[in-house]
Amino acid sequence: MPLPLDRRRSITSYGYTQAKALVYSKYGEPQDVLSLHGHSISAPSGTGVVVRMLVSPINPADVNQIQGVYPAKPEMTITLGTSEPSAVAGNEGVAEVINTGSGVKNLSKGDWVIMKSTGMGTWRTHMAMDESQLLKIDNKDGLTPLQVGTVSVNPCTAYRMLLDSAKWNFLGDEWFIQNGANSGVGRAAIQLGREWGFKSINVIRSRENKEEEQKLRQELLDLGATKVITEDELMSRDIKDQIKEWTHGGREQIKVGLNCVGGKAATALAKFLAPGATMVTYGAMSKQPLILPASLLIFKDITFKGFWVSKWSDKHPTEKKQTVDDVLRLTREGRFKDIPVQECKWGWNTDVGVLKEAVQGTLGGFRPGKGVFVFEEA
């Protein structure tokens with residue numbers, strides 16, 4: 001039987017840990033379908049471990065999953081003792097190992113871990129896992145839970161899209177262009193591009209408040225962006241000559257385009273790619289289709305492809321670990337900065353309304369930072 005929600009978490013003499021999870025049993029808006037479910041976790045045996053969540057981001061894909069419009073849908077079960085089959089929301093985060101079974105070989109109490117694959121349900125205070133489902137953070141010294149908890153989606157997306165989409169010479173004379181440049185992926189791409197010697201043209205949405213817009217431009221320039229322009233500037237008559245000047249008459253090629261917007265702005269971006277370049281689509285925030293002139297395919301031989309980090313992570317766990325380790329190395333060395341976030345503290349007595357509001361708020365535009373659950377130990 002699930003434990004009452006008004007009891008404080010405790011580990012009893014029988015080894016049970018009390019936990020809470022944000023669950024849903026039907027698809028819809030988070031504020032309408034999410035509920036907070038209390039349950040107990042027995043002491044682990046064999047290769048099982050019990051972990052305590054430290055940080056779990058609220059990604060747009062998580063919300064789409066709850067709405068039922070995301071391609072990957074978690075299995076709904078009554079494993080946690082819910083009255084009807086339910087799934088735990090959330091796909092990313094970092095946790096601390098608090099108990100291990102006798103057969104666990106590679107994890108110890110106090111280790112930090114991230115999920116090896118998506119669909120594990122990270123919006124909960126504690127969870128029981130098998131050791132094989134987790135990736136250990138080998139060196140957590142100098143890192144914060146926020147840095148580790150947000151590494152496996154946005155930074156990994158930027159890292160793989162940039163490195164895997166072109167043959168780079170790493171001589172400092174190559175470019176990429178991206179829209180959504182102030183997003184988590186965009187900021188990661190700017191920093192990784194700077195690290196690898198790539199120049200970048202970064203497109204952001206225009207703001208009515210020009211002071212705020214200028215502040216954002218400067219933020220991205222400080223991260224390592226070469227140029228920052230607005231969507232309006234991208235579609236202006238003058239931009240062609242400007243980009244030609246930046247790339248020294250086109251001698252420096254724009255080899256990769258990163259698109260998370262779609263619509264006319266994405267079409268405009270594609271037109272500036274060099275012959276033989278690649279444009280990678282990983283989102284469609286405008287909810288408009290990507291319309292491609294035939295000339296880009298016939299005469300410029302541009303490759304258009306998509307990237308879905310969830311699918312990539314599930315297929316390439318070893319490469320995922322290598323990518324995570326490299327990003328965390330840069331973070332530890334001070335060469336990769338945290339993304340702006342809006343923290344939602346999740347304590348044992350936090351009201352479910354506060355949690356649901358944080359999730360629903362992810363759908364709002366022009367947010368100052370990514371929403372993240374930060375778990376407070378009872």
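Annotations for the structure displayed:
- Residue list for the range 199-228, filter: buried (at least 20 other Cβ atoms within 10 Å of the Cβ) and hydrophobic (A, V, I, L, M, F, W, C): Ile201, Val203, Ile204, Leu220, Leu223, Ala225, Val228
- Checked against (1) crowded, with 21+ Cβ neighbours inside 10 Å; (2) in a loop (DSSP other than H, G, I, E, B); (3) modelled with pLDDT of 95 or more; (4) touching a helix residue (DSSP H, G or I) at 6+ places or on another chain (Cβ under 8 Å), Leu162 passes all but condition (2).
- Residue check for Gly180: surrounded by 22 or more Cβ atoms within 10 Å (Cβ to Cβ) and part of a helix (DSSP H, G or I): no
- Hits in the range 199-208 (condition: part of a loop (DSSP other than H, G, I, E, B) and either touching a residue at least 60 places away in the same chain (Cβ under 8 Å) or under 22 Å from the mean Cα position of the chain (by Cα) (or both)): Arg205, Arg207
- Answer residue from the range 340-378, given it is within 21 Å of Val51 (Cβ to Cβ) and under 16 Å from the mean Cα position of the chain (by Cα) and is surrounded by the fewest Cβ atoms within 10 Å (Cβ to Cβ) among those: Glu343
- Considering residues of the range 286-303 that are in contact with a helix residue (DSSP H, G or I) (Cβ under 8 Å, 6 or more places away or on another chain) and surrounded by 14 or more Cβ atoms within 10 Å (Cβ to Cβ) only, the residue nearest to Val151 (Cα to Cα): Ser286
- Qualifying residue in the range 134-155 (condition: within 13 Å of the chain's Cα centre (by Cα) and at positive phi): no
- Qualifying helices (runs of 4 or more DSSP H) (wholly inside the range 275-339; at least 3 residues being without any contact (Cβ under 8 Å) to a residue 40 or more places away in the chain and under 20 Å from the mean Cα position of the chain (by Cα)): 317-332
- Filter result (part of a loop (DSSP other than H, G, I, E, B) and surrounded by 13 or more Cβ atoms within 10 Å (Cβ to Cβ)) within the range 229-249: Met235, Ser236, Thr247
- Of the residues in the range 331-349, at least one is in contact with a Phe, Trp or Tyr (Cβ under 6 Å, 6 or more places away or on another chain) and over 30 Å from Lys210 (Cα atoms).
- If you check Gln191, Gln218 for being closer than 19 Å to Phe336 by Cα and over 20 Å from the mean Cα position of the chain (by Cα), only one passes: Gln218.
- Note on the range 340-360: residues that are touching a Gly at 6+ places or on another chain (Cβ under 7 Å) and either without any contact (Cβ under 8 Å) to a residue 24 or more places away in the chain or within 18 Å of Gln147 (Cβ to Cβ) (or both) total 4.
- Search result, residues across the range 178-188 that are small (Gly, Ala, Ser) and over 13 Å from the mean Cα position of the chain (by Cα): Gly180, Ala181
So that you can scan it fast, the table gives a plain yes or no per residue for (1) surrounded by 17 or more Cβ atoms within 10 Å (Cβ to Cβ); (2) in contact with a helix residue (DSSP H, G or I) (Cβ under 6 Å, 6 or more places away or on another chain):
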| site | (1), (2) |
| --- | --- |
| Leu34 | yes, yes |
| Ile41 | yes, no |
| Arg52 | yes, no |
| Lys73 | no, no |
| Gly81 | no, no |
| Glu96 | yes, no |
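- For the range 1-43, filtered to residues that are among the β-branched types (Val, Ile, Thr) and over 13 Å from Arg124 (Cβ atoms), the residue that is modelled with the lowest pLDDT is Thr12.
The values are calculated or read from the model by the stated rules, or taken from the named source; none is laboratory data. Values in this document were obtained by computation on a predicted structure and should not be read as measured data. Reconstructed Cβ throughout: ideal geometry from the backbone, glycine too, with neighbour counts over all protein chains shown.
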